[in-house]
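Here, each number is a calculation from the coordinates, and none is a lab measurement. Treat the numbers as computed from the prediction; the structure is a model and nothing was measured. With ideal geometry, Cβ positions are generated from the backbone for all residues, glycine too; neighbour counts draw on all protein chains shown.
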Amino acid sequence: MAICTDEFFTLAKAEATGWGLSGLPVAVVPHPLANRDADACGRFARNILAEIAEALSGNPEELAAKYRAKRPTGGGRLRYHALFDSEFNAPDAPDRIGGPDGIEALNRLFVSRGWTDGLPVLPPTPQRCEAMLGGRDPDEVAAIVEPRLGRATLGRIAANAVMAGCEPAHFPVVLAATRAMCDPAFNLKAIQSTTHPCTVACLVGGPACEELGINGTYNALGQGHRANAAIGRALRLILINIGGASPGALDRSTMGSPAKYTFCFAENAAANPWPSLHEDLGLDPAASHVTVFGVEGPHNVNDHYGRTAEEILLTVAGTLASPGANNFYLAGQPVVILGPEHAAVIAGDGFSRADVRRFLSEHAIVPRALVSDAMLAELEERLPHHLVGERGSGGVRFVSDPDELIVLVAGGAGRHSAVLPTFGHSTRAVTRRVT
């Protein structure tokens with residue numbers, strides 16, 4: 001059986017069904033628990049003990065018959081809702097389905113069924129999907145997409161790439177990124193279903209960037225380039241349509257983020273004073289690779305006055321050291337994207353990428369005055385080595401291991417950089433070769 005808060009019932013039911021356990025009893029307690037004291041949590045636990053005992057010891061068929069019609073409303077009842085059995089445990093859909101001829105009517109249909117990100121899509125006709133596949137086997141399974149455990153066949157990936165506006169030349173990058181984000185180390189299940197506003201960001205490196213026109217200069221993290229927009233959007237549609245991450249259903253993000261529409265970019269190779277990230281990882285620079293990160297949207301770093309590496313990096317460190325970021329109490333791999341002008345000054349003072357990571361880990365410290373007593377207690381338990389001085393009197397380090405920081409160079413002219421906090425230690429950046 002499973003136990004969850006009422007806000008996460010849909011997710012619990014979908015995951016159970018994905019594992020072939022559509023009749024799994026789900027005991028529900030009121031949401032949220034984070035602001036409840038021990039007594040309140042104890043009352044919730046006592047209220048469902050009888051249901052848990054029944055679920056663990058009762059006859060499964062009788063339980064299913066008894067609770068299958070119950071809908072997920074408030075209270076402490078075991079839930080068996082027929083809607084989820086039909087919605088998430090349906091037989092495999094046919095390879096092809098008919099639809100309206102007009103693109104306006106087709107988009108109304110797709111929106112009504114939750115098959116888009118809210119923006120118009122290109123119809124995934126058999127001809128377009130076959131061109132996208134380029135002779136690949138549409139039935140080959142590339143990955144299993146959390147949290148619904150959807151089978152990402154090449155045909156389904158191609159259909160979503162068509163809908164996003166990709167060209168066939170973009171497909172190998174979309175495919176590599178899909179495999180990367182479904183790697184267990186990335187922990188897509190958490191990224192997809194958390195209340196945190198994180199998303200999948202895709203960095204592309206190597207010859208594919210020039211061949212496909214993937215932007216790494218002006219507005220690298222924004223709009224204006226088809227390859228960036230379409231590849232990033234294809235990943236979002238795959239997350240929705242194969243992974244089941246519809247807002248308010250399995251995607252439980254409290255606020256969300258515009259970065260969830262699309263987030264694909266390249267490094268600015270021409271302006272990078274250091275080797276690219278993929279070269280730094282020891283990968284073949286003649287090959288193309290993608291790396292996916294589970295990040296928030298970019299936090300701007302504005303420093304027009306720093307004259308030295310130390311002065312600029314102090315501003316970066318101050319932006320990085322945010323008590324509201326997951327990395328503050330969950331560690332992980334925060335990403336720093338240095339703009340070319342900042343990078344030139346920093347490298348001109350003799351700093352390597354490793355020096356940048358080391359400086360930021362030493363100076364990104366949240367002052368004690370900005371850390372609540374409740375958060376301090378959590379940090380003392382989780383990351384005591386991050387506290388500076390007795391009980392953090394000297395502040396709290398944002399990151400203690402320099403190797404956990406990821407430093408990139410992207411963007412155009414201007415004295416701006418960016419910080420991308422991540423979901424935390426449970427998600428790791430994952431790299432795959434584009435083939």
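State log₁₀ I(q)/I(0) for the range 240-383 at q = 0.19 Å⁻¹ as given by the Debye formula over alpha-carbon point scatterers of equal weight, solvent excluded. One equal scatterer on each Cα of the range 240-383 leads to -1.30. The mean of 1/r over all distinct Cα pairs in the range 342-435, once inverted, gives the Kirkwood hydrodynamic radius of 15.6 Å. Within the listed set Met255, Met181, Met132, the residue fluctuating most in the Gaussian network model of the chain (springs between alpha-carbon atoms under 10 angstrom) is Met255. For Asp284 and Glu311, the FRET efficiency from 1/(1 + (r/R0)^6), where r spans their Cβ atoms and R0 equals 35 Å, is about 0.45.
Longest segment of the chain with no chymotrypsin sites (Phe, Trp or Tyr not before Pro) in a DSSP loop having at most 10 other Cβ atoms within 10 Å?
20-304
Its DSSP H runs of at least 4 residues, each contributing -39,500 (n - 2.57), put the calculated 222 nm mean residue ellipticity of the chain at -11000 deg cm²/dmol, to the nearest 500. Applying 1/(1 + (r/R0)^6) with r as the Cβ-Cβ distance of Leu376 and Arg226 and R0 = 60 angstrom yields a FRET efficiency of 0.80. In this simple spin-label model, placing a label point 7 Å from the Cα along the Cα-to-Cβ direction at both Glu211 and Arg368 gives a separation of 5.6 nm.
For the range 224-320, applying the loop criterion from DSSP together with a ceiling of 16 other beta carbons within 10 Å to the trypsin sites (Lys or Arg not before Pro) yields Arg307.
Once the C-beta distance of Ala131 and Ala105 is scaled by a Förster radius of 30 Å, the resulting FRET efficiency is 0.80 to the nearest 0.05.
Largest mean-square fluctuation among Gly98, Gly42, Gly395, in a Gaussian network model of the chain whose springs join Cα atoms under 10 Å apart, belongs to Gly98.
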